[in-house]
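The structure appears below as structure tokens.
The values are calculated or read from the model by the stated rules, or taken from the named source; none is laboratory data. Remember, predicted model here, so these are calculated numbers, not experimental data. We place every Cβ from the backbone using ideal geometry, glycine too, and count neighbours over all the protein chains shown. We work out accessible area using only protein heavy atoms, side chains counted, and drop any ligands, DNA or RNA first. Shrake-Rupley method; radii C 1.70, N 1.55, O 1.52, S 1.80 Å.
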Amino acid sequence: MRWLVGGQVFDTESGTFRRADLGIDGGRIVTISDGTHRPGTADATDATDVIDVSGMWLLPGLIDCHVHLTQPTDAGDPAKAAARSDAAVALYTAAAAERTLLGGITTVRDVGGWNYVEMDVRDAIRAGTLRGPRMFLAGKLLSITTSTADYYPGMYDVADGADAVRAAARRQLARGADLIKVMATGALLSSETEDARAIQFTLEELQAAVEIAHANHKHVAAHCHALAGIHNAVDAGADSIEHCTFADDEVLRKMAARGTSFVPTICAGELLFRDDAVVATMPPHLLERMEAFNDIHAAAVRRANELGVPIAMGTDAGTPGNHHGMNAHECVFMVEQCGLSPVESIRTATVNAARLLRQPDLGSLREAAHADVIACADNPLDDITTLTRLTMVMAAGEVVTHPSAGLGR
Ligand SMILES: [Zn+2]
């Protein structure tokens, strides 16, 4: 039995901290003591199993519902990454996974990988040969015929028509996908001829993807910018709307009523413009689009929160300048730019994300939950930016980084 003693522990339900010690065994939280009596020697079998987190603020490990671990972030032109070998992608992905974990993200949902290389990385993490977060994977994303498939040849599975979409969804599931990702509208980081305000998959095609996913107890993430595409995806029964840029009140009310999650990905625009080297190499058509969409996007997130839409944290880490490991900045942007309270922001990355992933044992610090724990030096309810400077990360009961362990970032 291992103990985390002396910390303030966050309760996602009440949104408050309380003094408590966590007893951990087999990768799970087995006991939460109120901290009035420290765990005695009867519980702590030797001194190394007591980890002092006095004065620290403990939260559940964060969950990022929208990453691309295979995608390099240091070049402004995504087309430049199209010709990488699978071996090079695997090496990159392993490093990206470790950086993500050190940033306090103990679980990710990857919504577009590269030739299924990320599935081997997931398996190596599970086997303990690599360090990284828990991974829920879409495999390749499903798309209509588009010139953007040449930008991301390892990420796109092109399917036109409902029957082809069913077959493509089945291909991902056969490779071990945990969810299906569909392109309901055009993308921003795409070819010059693609339009983010255009519909891509039709309602019928989206329904076909949802049918196969739900029949297999999997969920569906729908990429959407254009309003009509958001309506189509929600009507088809998609479980999460990614980006959701041009949402209006009508579609947001529909999402709130159905419980459809909104995955914002504010980091994609914000972190890009903080990295001058990346901006300098970005093709003009992409730069124009990223600038034009940023403010509209933040306003949509703000309105969604006001209307009670469940928001699940997602960053789009893997886009240019949106570096793996900086994911927690999304929680800061949601507070500073989208009007969420710190408690609401933390919930998007914990309980709300766990609900979307259908993983009730993630996203909260309670008995029987997975022992994924992060520690902050300051109270994040007073200063949300403390989430970007963690003092400890624990994944499945194992300390990944802690000042006293000499494993700092
Ligand atoms: Zn994405």
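Extension gain, Asp383 to Ala95: 0.36 nm times the residue separation minus the Cα-Cα distance gives 100.8 nm.
Once the gyration tensor of the Cα atoms in region 316-359 is diagonalised, the equivalent ellipsoid follows with semi-axes of 19, 16, 7 Å, ordered largest first.
Potential lengthening of the chain between Ala83 and Gln359 amounts to 95.8 nm, from the contour at 0.36 nm per residue minus the alpha-carbon distance.
Each 5 Å bin from 0 upward holds the following percent of the Cα-Cα pairs of region 266-409: 2, 9, 16, 19, 20, 16, 10, 6, 2, 1, 0. Protection proxy ranking for 281-287, 151-157, using the average of other Cβ atoms within 10 Å per residue and placing the highest first: 151-157, 281-287.
Put a plus charge on the Cβ of each Lys and Arg, a minus charge on the Cβ of each Asp and Glu, and nothing anywhere else: the dipole of the chain about its Cα centre is then about 680 debye.
The residues packed around Thr315, meaning those with a beta-carbon under 9 Å from its beta-carbon, carry a net charge of -3 if Lys and Arg are +1 and Asp and Glu are -1. Proximity of backbone amide H atoms, modeled 1.01 Å from N, is registered between Val9 and Arg18, Arg19, Ala20, Leu58 at under 5 Å, excluding neighbours fewer than 5 places apart on the same chain. Taking Ile346, Ile384, Ile125 as the candidate residues, the one with maximal mean-square fluctuation in a Gaussian network model of the chain, Cα springs under 10 Å, is Ile125. Compute a Gaussian network model of the chain, connecting alpha carbons closer than 10 Å, and tell me which residue from Arg28, Arg84, Arg19 fluctuates the most. Of Arg28, Arg84, Arg19, the Gaussian network model singles out Arg84 as fluctuating most.
Across region 62-357, Cα pairs under 8 Å and at least six residues apart give a relative contact order of 21 percent.
Placing R0 at 30 angstrom, the Cβ-Cβ distance between Ala292 and Val158 gives a FRET efficiency of 0.65 after rounding to 0.05.
Remark: region 248-259, residue by residue, has Karplus-estimated 3J(HN,Hα) of 10, 4, 4, 6, 5, 5, 5, 5, 4, 5, 8, x Hz, where x stands for each Gly or Pro and the curve is 6.51 cos²θ - 1.76 cosθ + 1.60 at θ = phi - 60°.
Taking every Cα-Cα distance in region 172-286 and sorting them into 10 Å bins from zero, the calculated P(r) comes out as 14, 40, 31, 14, 1 percent.
With contributions of -39500 (n - 2.57) from each DSSP H run of at least four residues, the per-residue ellipticity at 222 nm computed over the chain stands at -9500 deg cm²/dmol.
The slack in the chain from Arg171 to Ala75, taken as 0.36 nm per residue of separation less the alpha-carbon distance, amounts to 31.5 nm. In this structure, the amide hydrogen of Ile32, modeled 1.01 Å from its nitrogen in the peptide plane, lies closer than 5 angstrom to those of Gly23, counting only residues at least 5 positions away or on a different chain. Count Lys and Arg as plus one, Asp and Glu as minus one, and take only other residues whose Cβ is under 11 Å from that of Ala215; the net charge is then +2. Between Ser341 and Arg28, the modelled labels are 3.2 nm apart [label points 7 Å from Cα along Cα→Cβ]. Note that region 322-339 has calculated 3J(HN,Hα) couplings of 9, 6, 4, x, 9, 4, 5, 4, 4, 5, 5, 4, 5, 7, 6, 10, 10, x Hz, one per residue in order, obtained from phi through the Karplus relation 6.51 cos²θ - 1.76 cosθ + 1.60 (θ = phi - 60°); glycine and proline are x. When peptides 190-200, 102-112 are ranked by their average number of other Cβ atoms within 10 Å per residue, the highest-first order is 102-112, 190-200.
The distance linking region 232-266 with region 300-314 is 9 Å (Cα centroid to Cα centroid, whole angstrom).
Taking Asp378, Asp316, Asp249 and ordering them by how much accessible surface each has at a 1.4 Å probe, largest first, produces Asp378, Asp249, Asp316. Taking 37 °C and 0.692 mPa s as conditions, the chain diffuses translationally at an estimated 154 µm²/s according to Stokes-Einstein applied to its Kirkwood radius (Cα pairs).
Let me check I've understood the local charge: for Asp248, count other residues with C-beta under 12 angstrom from its C-beta, Lys and Arg +1, Asp and Glu -1. What total comes out? Residues close to Asp248 contribute a combined charge of +1.
Annotation: amide H of Val50 within the under-5 Å range of Trp3, sequence separation 5 or more or interchain, hydrogens built in the peptide plane. Scalar couplings 3J(HN,Hα) for region 87-104, obtained by applying the Karplus form with A = 6.51, B = -1.76, C = 1.60 to θ = phi - 60°, are 5, 5, 5, 5, 5, 4, 5, 4, 5, 5, 5, 5, 4, 4, 5, 5, x, x Hz; x denotes Gly and Pro.
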